[in-house]
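Notes to accompany the following structure.
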Amino acid sequence: MKKQAKAAVCAGITALVLGGTLFSVHASGLKDFLPGATGKVTITAEEYERLKEFEKLATIKEMIVENYYVEPDTDLMMEYAISGMLAALDDPYTFYYNEKAWSDLWADDEGVYGGIGIQLLGNYETNEVTITQVFREGPAEKAGVRKGDRLIRVDDISVNAETMETAVAHMRGESDSEVEVEVLRKGKNLVFTMKRAEIHINRVESTMLEDSVGYIVLYQFAGESAKEVQSALDSLVTQGAKSIVLDLRDNPGGWVDHAVSVADLFLDRERLVYAEYRNGEKDESWTRDGKTDLPLVILINGSSASSSEILAGGLQNLGRATLVGTKSYGKGIIQYVIPVDSTNKDGFQFTVAQYYLNDGTAVHKVGISPDIESVMPEEMVGTYFDLGDMDDPQLKTAWEKARDLAQGK
């Protein structure tokens, strides 16, 4: 997702006319779209046609408000109307955030929230939702939930890619309140009941490996992730690192500008990727001078998506990194995330562009292929490894490559 600085512009109607044919409209018939309006307002022909598009919606809502057998929840009706309009685009990455979901989104970005401590990735082709990270010391880890489990139920919510956001919102809540989750693990259904707690997200971890290889794990592009990677890199260099392994396995992505900032640590001024919009306009993302020359190996897998692919694919494409692991997820599109209006109480995200690597290579539904394939053995999928544990076969392969690069091999 890409953070968009500008807010959405409301289609408000005022008496100020900049030009065009004028119409007088009785505000009483449009009270749902003109809060507080009375009498008549003067609008342009273009605004009038825009309002006509919503005439059926306003008529139906007014009929329900006046005649439904119980008092309707009009706020919920409008929320569902908005969600339905966005759903018609048939794009799983385009959806509405109600007030709670909008608040949760930014709480998650800040890294502290009430929940159970898991990270999810939805596959919109298989409709499955996989747990890609279980945060250390969180309720889910203590209950026995594991990375690699397929999430299938949260209380009475059946979980799939389309209901994932609803399930995420439900798992958030006050500390000590209970929630039940059901997962599928190696063909067996497992049910866990746990109490929500305050979750502190660890987005970056690092350590020194043998033979002066620095190891950095980046779990998500959010919060202060780019600064945290910078700090980890500086610390490893101080400790004598001669090469770096950057682990992006199971990283579902996040803000695009964070990916560019991390790439900036390893590149001088280069065009990393570019986004192309429907009208053909291109938006280029460039790094700046000031790189480190340390050899770089990046770990990826099938759950490395979005901004992870921008970073890994961009650095590979420019010859700056060697990729180890398995082919990445293949999400090569960008979304804007913006508030609905100036109150900043709710918002929505929608797909605006497809991105391409520096040389024009597409990523969407294709993914990034590693230079060195290293497949996790089936019996080890979902295994928890301590940070830097060489029993992790993919990490061992990446470490060997980083060690050889540092030695000029």
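The values are calculated or read from the model by the stated rules, or taken from the named source; none is laboratory data. What you are looking at is a predicted structure, and each value in this text was computed from that prediction instead of being measured. Counting neighbours? That spans all protein chains shown, and the Cβs are built from the backbone with ideal geometry, glycine included.
Taking the range 1-106 and the helices (runs of 4 or more DSSP H) fully enclosed by it, the elements with 1 or more residues that are at pLDDT below 85 are at 45-52. No other residue among Asp371, Asp359 is more than 30 Å from Ser103 (Cα to Cα), in contact with a Ser or Thr (Cβ under 6 Å, 6 or more places away or on another chain) and surrounded by fewer than 18 Cβ atoms within 10 Å (Cβ to Cβ) apart from Asp371.
Among residues of the range 374-399 being in a helix (DSSP H, G or I) and touching a residue at least 40 places away in the same chain (Cβ under 8 Å), the one that is surrounded by the fewest Cβ atoms within 10 Å (Cβ to Cβ) is Thr397. Only one of the numbered conditions (1) outside any loop (DSSP other than H, G, I, E, B); (2) surrounded by 23 or more Cβ atoms within 10 Å (Cβ to Cβ); (3) not aromatic (Phe, Trp, Tyr) is not met by Ala353, and that is (2). Say we look at the range 248-281 and pick out the residues that are among the polar types (S, T, N, Q) and farther than 20 Å from Ser303 by Cβ; which of these is nearest to the chain's Cα centre (by Cα)? Here the answer is Ser261. Within the range 304-312, not a single residue is in a loop (DSSP other than H, G, I, E, B), more than 21 Å from Gly253 (Cα to Cα) and among the hydrophobic types (A, V, I, L, M, F, W, C).
Look through the range 175-189, keep the residues that are in a strand (DSSP E or B) and more than 27 Å from the chain's Cα centre (by Cα), and return whichever of them is surrounded by the fewest Cβ atoms within 10 Å (Cβ to Cβ).
Result: Lys188.
Evaluate the following for Arg172: is it at pLDDT below 90 and not assigned by TED's automatic domain parsing to the domain that holds Gly302? So Arg172 passes the test.
Quick check on my filter: what residues within the range 190-232 are in a helix (DSSP H, G or I) and over 24 Å from the mean Cα position of the chain (by Cα)?
Step one: list which residues in the range 190-232 are in a helix (DSSP H, G or I), which gives 210-212, 225-232.
Selection gives Glu210, Asp211, Ser212.
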